[in-house]
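Since the structure comes first, as structure tokens, the remarks are kept for the end.
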């Protein structure tokens, strides 16, 4: 099939007891192996074993620069300190490190400090990833959504610090799209560049694809991966341009942004085959921007966590 | 303080941690793999990259490429320096 890279993600991949075997097997297959971790549950001896079997790269999530704010966001006391110790171990072992921070209302003012922290930890790359509102971020959107002004300032700030850090650390940006005029090229196109295998073996075109009702996913337990990639109904559903409605169908950007994000169309418009409402040509664009503006001024500051009972004051948006 | 825009090349360049050259049999081509990066390389580029192993100086890499290709040494030296500088800017060299 020509797959070149594998990202071991989650949840938390360190909770897999067979993580070392998975990495070893991926490397034997020639894959570039990237571990995306919170560092919680991954001790130094296991990290060293991962390196021995050929792990190529570690991506560590940090929530903020100060421990109190970061631990509040993570919902885990002491997490930040453990992550910093882990980052130092990764670099000392000679492994490549990326620091990833998901940006939202509570930490959007810390971007410059986060980049400096990543550089001083010895990371070669930092990912400033504005929250994408699917899954748990969608449930917490009222507490996470930044204002339009905050997003504008944050984008300017990244442009400025990029040149300051050139050659020292690579800064990759995942752009916010709630205030955008055109949609992101989600996944580089549906069923075009990447696939996602869940722990149960189901193969998804993206990690949030299960939020779209009616899609049929095939499993690696039943069929070869190459057949799933080429023929499964879920991959064929939005591949290419044939599924597109207007204004996408005749848009000159259709091969570039691929009509944006199907899961976002589902979450906001209620129709996965609609034009991504992040696009100003979508009839639902104004509604999405209004929604973002309203939620950015919502007083909520508490979060709803995966697998935990909400704290007082947390306002969960029911799953659609 | 040196200008961050003009990276200083390592004396004996090698690929940075987390960056490796891989021959992909499906594409029948050398690809440079890094975090969230895939760079397809061809001909001279892969010949340069394969020599970035920390044992050769930039001058030795240029000499070996000169023996391999018909272009004159000065031209090859310029190409090698440009490519290494670009990789250094992307933090793909150590």
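Readers should treat all values here as calculations from the given coordinates under stated rules, not as data from a laboratory. Note that the structure is predicted; figures quoted are calculated from it, not measured. With ideal geometry, Cβ positions are generated from the backbone for all residues, glycine too; neighbour counts draw on all protein chains shown.
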Inset, instruction - Using a/c under 1.5 as the rounded threshold, could you call chain B rounded, prolate or oblate? The axes a ≥ b ≥ c are square roots of the C-alpha gyration tensor eigenvalues, and prolate needs a/b larger than b/c, oblate otherwise. - result: oblate
Legend entry - Ordering of A:156-162, A:173-179, A:83-89 by burial proxy (mean other Cβ atoms within 10 Å per residue, highest first): A:173-179, A:83-89, A:156-162
Legend entry - Least to most buried among A:276, B:53 (fewest other Cβ within 10 Å first): B:53, A:276
Legend entry - Paramagnetic reach from residue B:39 (point 7 Å along Cα→Cβ, amide N under 14 Å) across the stretch A:96-129: none
Legend entry - Peptide B:15-26 - average C-beta neighbours from other chains (10 Å radius): 4
Inset, instruction - May I ask you to sort A:261, A:251 by Cβ crowding, counting other Cβ atoms within 10 Å and putting the fewest first? - result: A:251, A:261
Inset, instruction - Based on the mean of other Cβ atoms within 10 Å per residue, sort peptides A:44-54, A:181-191 so the most packed one is first. - result: A:181-191, A:44-54
Legend entry - Per-peptide average of other Cβ atoms within 10 Å, ordering A:101-107, A:149-155, B:55-61 highest first: A:101-107, A:149-155, B:55-61
Legend entry - the protein assembly as shown - share of DSSP beta bridges that are antiparallel (%, nearest 5): 35 percent
Inset, instruction - Return the single residue from A:271, A:64, A:18 with maximal mean-square fluctuation; model: Gaussian network over chain A, springs between Cα atoms under 10 Å. - result: A:18
